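> Sending over a structure as structure tokens; questions will come in a sec.
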Amino acid sequence: MIGAAAAVGLRLRVLRRHLVRRLQARRSRRRRRSGRRGGGEEEEEGGREAVVLVSGMGGSVLHARRRSNPRFDLRVWVRILAANAEFKKYLWSLYNPDTGYVEPLDDDVEIVVPEDDHGLFAIDILDPSWFVEILHLSMVYHFHDMIDMLIDCGYKKGTTLFGYGYDFRQSNRIDKVMVGLQAKLETAYKASGGKKIFAKYVNKWICIACPFQGAPGCINDSLLTGLQFVYGFESFFFVSRWVMHQLLVECPSIYEMLPNPKFKWKEAPIVQVWRKNPEKDGVVELVLYEATDCVSLFEEALRNNELKYNGKTVALPFNMSVFKWATETRRILDNAKLPDTVSFYNIYGTSYDTPYDVCYGSESSPIGDLSEVCHTMPAYTYVDGDGTVPIESTMADGFAAKERVGIKADHRGLLCDENVFELLKKWLGVKEESTQRRRLSKSKVIDSAPL
């Protein structure tokens, strides 16, 4: 007992010292962020164009609030501790075809994106708990380093630097998302007018790791078996693959990232299933589904998919209403045009094995009923990309890009990559005033391809 008490005491002292250092570092960052340049700051900002940082899929903090209790406010995404329990309780949802929105299974719950810190809080550190900060779990440090870099370049929160997080369960073109982005642009540029805002007030649009033509391997598989954000020991603290799967089946944003069947892929992405053919006495065959006909596989594999919520069984088959909505989103994107006044730049990740084709079962261990696919780990065929989105998809933006640049980094790593920061500073026409900011990643510029 004495030895255990001494060990606990030692750990507490170490933890206390660690906390003090963290708090000191945080105060230092806040002083630096609040404006260390003095009287010349406002004058300098006058000629600086505002920057709005917009997150991607899964890249926004989400809070649950109860309509019956205005004081209830709980972060449900991202959270490391009690992740599965809170996710199932508050984020599991159903798509409402009458409204086009994804709605929580609990009618009393409302999912919101916090607007703190001019929208930057929701996209900075996705789990801003003391536990994450002490351990510096970089997997949830989203736009954090980019925000620091921009502040070091003279940007000021609420004046020239803003963030926009959104409820990533919803469609990318749903009214609430579009109106929210419009309001953010109005705040940033003091203007109004829907489409006119983008044409008149957005001078530069810089995309990082955007799946313009979809993410074939990752998204095809996410609808069948789920999505796992972290692996190894860290996965024990995060939302499980299956729990995430039960949300994604109802998410328009996932359906909207299915591989574009009308895009001219060098080789069309496919899903393969080793299965026993009941019409041929159980002979094992390799069945191929191309991007244009995967719907039949999704429908058959998910026909018995369901979850338990508050003692009730909720059916979650492949949602054809969501698929039709996503098909219309794809049509709109395929016909989208940028105003000539907007300079477009594209940064994409390279040199990482990126899932492309997906295979379930094997010749020696085939799938019987297709519903078994949902409980099978996939085998991938890989192409070059950022580990999530293939280069072929990210480069095919369809716009007259000023520059397209490949960076040797993975999907999340691009947001804290030093070469990405150098490109942003060049394209924004700014430079850092401090060289003391911590650098997380320095990788190689692979390719530069202006159009």
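The values are calculated or read from the model by the stated rules, or taken from the named source; none is laboratory data. Keep in mind it's a predicted model, so treat the numbers as computed, not measured. Note that each Cβ is placed from the backbone with ideal geometry, even for glycine, and that neighbours are counted across all protein chains shown. Heads up: the accessible areas ignore ligands, DNA and RNA and are worked out on the full protein's heavy atoms, side chains in. Shrake-Rupley method; radii C 1.70, N 1.55, O 1.52, S 1.80 Å.
> Is it the case that some residue within region 232-241 is in a helix (DSSP H, G or I), more than 30 Å from A188 (Cα to Cα), within 17 Å of the chain's Cα centre (by Cα) and modelled with pLDDT of 95 or more?
There is no residue in region 232-241 that is in a helix (DSSP H, G or I), more than 30 Å from A188 (Cα to Cα), within 17 Å of the chain's Cα centre (by Cα) and modelled with pLDDT of 95 or more.
> Within region 334-371, can you find the residues that are free of Cβ contacts under 8 Å to residues at least 12 places away in the same chain and either within 30 Å of E299 (Cα to Cα) or in a strand (DSSP E or B) (or both)?
N335, S364, D369
> Considering only residues of region 261-296 that are part of a helix (DSSP H, G or I) and free of Cβ contacts under 8 Å to residues at least 40 places away in the same chain, which is farthest from G100 (Cα to Cα)?
K280
> Which members of region 372-389 meet the condition of being within 17 Å of P216 (Cα to Cα), of a type in the set (V, I, T), open to solvent by 20 Å² or more (accessible area, probe 1.4 Å) and part of a loop (DSSP other than H, G, I, E, B)?
Once the filter is applied, which keeps residues that are within 17 Å of P216 (Cα to Cα), of a type in the set (V, I, T), open to solvent by 20 Å² or more (accessible area, probe 1.4 Å) and part of a loop (DSSP other than H, G, I, E, B), region 372-389 yields only T388.
> Filter region 297-321 for residues that are out of contact with any strand residue (DSSP E or B) (no Cβ under 7 Å at 6 or more places or on another chain) and either assigned to a helix (DSSP H, G or I) or open to solvent by less than 60 Å² (accessible area, probe 1.4 Å) (or both) and give the result.
Correct list: F298, E299, E300, A301, L302, N305, Y309, P317, F318, M320.
> Go through (1) in contact with a strand residue (DSSP E or B) (Cβ under 7 Å, 6 or more places away or on another chain); (2) under 30 Å from D417 (Cα atoms) and name the single condition D127 misses.
Checking D127 against (1) in contact with a strand residue (DSSP E or B) (Cβ under 7 Å, 6 or more places away or on another chain); (2) under 30 Å from D417 (Cα atoms), the one that fails is (1).
> With the requirement that a residue be outside any helix (DSSP H, G or I), over 21 Å from M57 (Cβ atoms) and open to solvent by less than 30 Å² (accessible area, probe 1.4 Å), what does region 159-192 give you?
If the condition is that a residue be outside any helix (DSSP H, G or I), over 21 Å from M57 (Cβ atoms) and open to solvent by less than 30 Å² (accessible area, probe 1.4 Å), then T160, L161, A191 are the ones that fit.
> Quick one: in region 315-346, which of the residues that are β-branched (V, I, T) and in contact with a helix residue (DSSP H, G or I) (Cβ under 9 Å, 6 or more places away or on another chain) is farthest from A401 (Cα to Cα)?
Filtering first and then ranking leaves V322.
> Could you please give the count of residues in region 322-354 that are open to solvent by 60 Å² or more (accessible area, probe 1.4 Å) and out of contact with any strand residue (DSSP E or B) (no Cβ under 9 Å at 6 or more places or on another chain)?
Of the residues in that region, 11 qualify.
> For region 240-267, name all the residues that are hydrophobic (A, V, I, L, M, F, W, C) and open to solvent by less than 10 Å² (accessible area, probe 1.4 Å).
Correct list: V243, M244, L247, L248, V249, C251, I254.
> Residues of region 242-260 being under 12 Å from A215 (Cα atoms) and outside any helix (DSSP H, G or I), which ones?
Within region 242-260, E256, M257, L258, P259, N260 qualify.
> Looking only at residues that are open to solvent by less than 10 Å² (accessible area, probe 1.4 Å) and hydrophobic (A, V, I, L, M, F, W, C) in region 268-294, which one is farthest from L223 (Cα to Cα)?
V273
> Quick one: count up the residues across region 206-226 that are assigned to a loop (DSSP other than H, G, I, E, B) and of a type in the set (G, A, S).
Here the count works out to 4.
> Within region 58-76, count every residue that is among the basic types (K, R), in contact (Cβ under 8 Å) with a residue 24 or more places away in the chain and open to solvent by 60 Å² or more (accessible area, probe 1.4 Å).
2
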